[in-house]
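The values are calculated or read from the model by the stated rules, or taken from the named source; none is laboratory data. Please read all numbers here as calculations on a predicted model, not as lab measurements. Here Cβ is always computed from backbone atoms with ideal geometry, including for glycine, and neighbour counts include all displayed protein chains. Please note that ligands, DNA and RNA were not included when accessible areas were found on the heavy atoms of the full protein model with its side chains. Shrake-Rupley method; radii C 1.70, N 1.55, O 1.52, S 1.80 Å.
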Amino acid sequence: MAAALFSRRSLMVAAGLLACSAHAAYPDKPIKIIVPSVAGSSPDVLVRLVGNALSLQLGKPVVIENKGGAGGNIGMQALANAAPDGYTLGYGNNATLTTNEFLFSRLPYDPRSLVPVGGIATTSSFLLVNNLVPATSVTELVTYINSSDAPVHYGSGGIGTTSHLGAEWFKTKMGLQSAVHVPYKGSPQALNDLVGGTLQFYFENIVTAAPQLQAGKVRALAVTSAERSPQYPDIPTMQEAGVQGFVMNAWGGLLVPPGTPQKVLTRLNTALNQVLQMPEIRAQLEKMAYIPLAGAPEDFGALADSERAQWGAVVKASGAKVE
């Protein structure tokens, strides 16, 4: 009897030691990051850049899995349902963590239940006009829209996108009820139609808009960040241009499923912050007009909470819905 009891205790101790050893060895296999958008998109490019460096920090391959569709909901649902063991991460942004819950009647995941690892980067947008619009400032654009006999059209990459909600917020703040929204399935066609003159104004992120702006095919009247862009210091902010309180950024970071062990979360956050401090990574981010968001998990969570309150009000005022 004593021998049997000793044997059982030995097995329990051995199992505990094995479990501790396995936990201490994290990670001991490849890590997957779910990106809720298609390959080649801005989030995909950003996460692949960081993921490659993260694999060096963690000593294991980091594999990107694209799960686009439904405004990012498909990818976030997959993350929420994944095992909370630190081997499945996801990329969450201002859409999937803030605006989607106000745009969709029902989400297949709870944005508040996903656990933040840390922010990656943030960027902003330009308020663009085509070269035929007789406005060289935001004030002149407002006057042009309000005095135009013909309809003034603005585009977006789709209902509920940053380009759409930014324009709706701009309309509300400046009383531009006559401007007409033209939604597109993605930003490339909208930007092309702005260049061609079909659209008169359009909010587009700096990265995507830069080639057309640098080629002189469109003009930027303002940037939506709180401060001027280091890459474009001559372009005023929306607030400097007279739209008080207008700050709109696109941001994103890494998340894990609820229930992920704290030690694993700490390990991932430390590695992510190390990546974001690498001079070569910071140089690449700056080249793409991104600003690193290194910090604690709580910092990224607080950002999502504050943005959720702001954009919930914007979506409600605009009446935008995605079904």
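Once the dipole of the chain is set up with Lys and Arg at +1 and Asp and Glu at -1 on Cβ about the Cα centre, which of 215, 163, 45 lies farthest towards its positive end? Among 215, 163, 45, the one farthest towards the positive end of the dipole of the chain is 45.
The fraction of Cα-Cα pairs per 5 angstrom bin, counted from 0 for segment 160-217, comes to 4, 17, 29, 25, 16, 7, 1 percent, rounded to whole percents. Close amide-amide hydrogen proximity is noted between residue 89 and 32, 33, 34, each under 5 Å apart and 5 or more residues distant or on a separate chain (H modeled in the peptide plane; Pro and chain starts excluded). Rounded to the nearest 0.05, the FRET efficiency derived from the C-beta distance between residue 302 and residue 85 at R0 = 35 Å is 0.85.
Mind giving me the nanometre distance, one decimal, between the label points for residue 28 and residue 239, set 7 Å out from Cα along Cα→Cβ? Result: 5.1 nm between the two label points.
Less than 5 angstrom separates the built amide H of residue 68 from those of 37, all sequence-distant by 5 or more or on a different chain. Amide H contacts for residue 160 (H built 1.01 Å from N in the peptide plane; partners 5 or more residues away or on another chain; cut-off under 5 Å): 165. Percent of accessible area on segment 118-249 owned by carbon and sulfur, 1.4 Å probe? Solvent-exposed carbon and sulfur of segment 118-249 make up 52 percent of the total.
Taking Cα atoms only, the orientation of helix 2-24 departs from the longest principal axis of the chain by about 30 degrees. Which value, in Å to one decimal place, does the Kirkwood hydrodynamic radius take for the chain when every pair of different Cα atoms is included? After inverting the mean inverse Cα-Cα distance, the result is 21.2 Å.
For the pair residue 309 and residue 113, the difference between a 0.36 nm per residue extended length and the Cα-Cα distance amounts to 68.9 nm. Treating r as the C-beta distance of residue 144 and residue 63 and R0 as 41 Å, the FRET efficiency rounds to 0.25.
Two-decimal Rg/Rh of segment 120-249 from alpha-carbon positions, Kirkwood Rh?
Values: Rg = 13.1 Å, Rh = 14.3 Å.
So for segment 120-249, dividing Rg by the Kirkwood Rh gives 0.92.
Using the Cβ atoms and a cut-off under 13 Å, what net charge is assigned to the surroundings of residue 237, where Lys and Arg are +1 and Asp and Glu are -1? Kindly include the intermediate steps, with their values, before the conclusion.
On the way: positive: 228; negative: 227, 234, 240.
Result for the neighbourhood of residue 237: -2.
Could you tell me the distance between the Cα centroids of segment 225-254 and segment 166-193, to the nearest Å? Cα centres, segment 225-254 to segment 166-193: 18 Å.
Give me the Kirkwood hydrodynamic radius of segment 191-323 in Å, from all C-alpha pairs, to one decimal place? Present the calculation step by step, with values, prior to reporting the outcome.
Values: mean 1/r = 0.0565 Å⁻¹.
Taking every pair of different Cα atoms in segment 191-323, averaging 1/r and inverting gives 17.7 Å.
Computed from phi, the 3J(HN,Hα) profile of segment 89-99 under the Karplus parametrisation 6.51, -1.76, 1.60 (θ = phi - 60°) reads 10, x, 9, x, 9, 5, 7, 6, 9, 10, 7 Hz, with x in place of Gly and Pro. Evaluated at q = 0.30 Å⁻¹, a Debye calculation over the C-alpha positions of segment 268-321 (equal weights, vacuum) places log10 I(q)/I(0) at -1.07.
Expected output is a single nm value to one decimal: the length gained when fully extending between residue 185 and residue 215, i.e. 0.36 nm times separation in residues minus the C-alpha distance. What is it?
Here the segment from residue 185 to residue 215 would lengthen by 8.4 nm.
So if R0 is 25 Å, what FRET efficiency would residue 178 and residue 41 give, r being the distance between their Cβ atoms, rounded to the nearest 0.05? Intermediate values should be presented prior to the final figure.
On the way: r = 33 Å, r/R0 = 1.31.
Using R0 = 25 Å, I get an efficiency of 0.15.
Excluding ligands, DNA and RNA, the accessible surface per residue across the chain is 45 Å² with a 1.4 Å probe.
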